[in-house]
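Following: one structure in structure tokens, then a few remarks.
The values are calculated or read from the model by the stated rules, or taken from the named source; none is laboratory data. As the structure is a prediction and not an experimental result, all values here were calculated from the model. Using ideal geometry, Cβ is built from the backbone for each residue, glycine included, and neighbour counts are taken over all protein chains shown.
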Amino acid sequence: MKTIQNTEKIELKVNSSELLEGKWLNFQLLSKKLAEVEEKNKMVYKSLRNRLYNSRACNKYNMKEIAGLPCIDVENPMTGKASLELSFERE
């Protein structure tokens, strides 16, 4: 098991039309939002998304499956310390 060397904190904006049941964000949409941040900030290809996928594989996020879609809780996204710490701001 790898130890987390450093963490990256990201705050993403979401609006109510993107949420399921008022608080769940589709994981694919989250991945697209991170891709936009990477492109906007001229980061290394998939640098944030790799951290996201690795942290998800280690169950560091509060996830739920809704209608077969993996979703993350925007109110309380973290279950532990992860290499990509997410927070969300509602628009």
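Tabulated data for the structure shown
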| quantity | calculated |
| --- | --- |
| Within segment 1-36, considering residues that are touching a strand residue (DSSP E or B) at 6+ places or on another chain (Cβ under 7 Å), surrounded by 14 or more Cβ atoms within 10 Å (Cβ to Cβ) and of a type in the set (Val, Ile, Thr), the one farthest from Gly68 (Cα to Cα) | Ile10 |
| Condition check for Leu86: assigned to a helix (DSSP H, G or I) and either more than 13 Å from the chain's Cα centre (by Cα) or surrounded by 11 or more Cβ atoms within 10 Å (Cβ to Cβ) (or both) | no |
| When residues of segment 47-91 are limited to those that are under 19 Å from Ser17 (Cβ atoms) and of a type in the set (A, V, I, L, M), the one modelled with the lowest pLDDT | Ala67 |
| Flag for Val44 being modelled with pLDDT under 90, in contact with an Asp or Glu (Cβ under 9 Å, 6 or more places away or on another chain) and of a type in the set (A, V, I, L, M) | yes |
| Test for Lys23: is it more than 13 Å from Glu89 (Cβ to Cβ) and in contact (Cβ under 8 Å) with a residue 12 or more places away in the chain | yes |
| All positions within segment 56-73 that are of a type outside the set (D, E, K, R) and in a strand (DSSP E or B) | Tyr61, Met63, Ile66, Leu69, Pro70, Cys71, Ile72 |
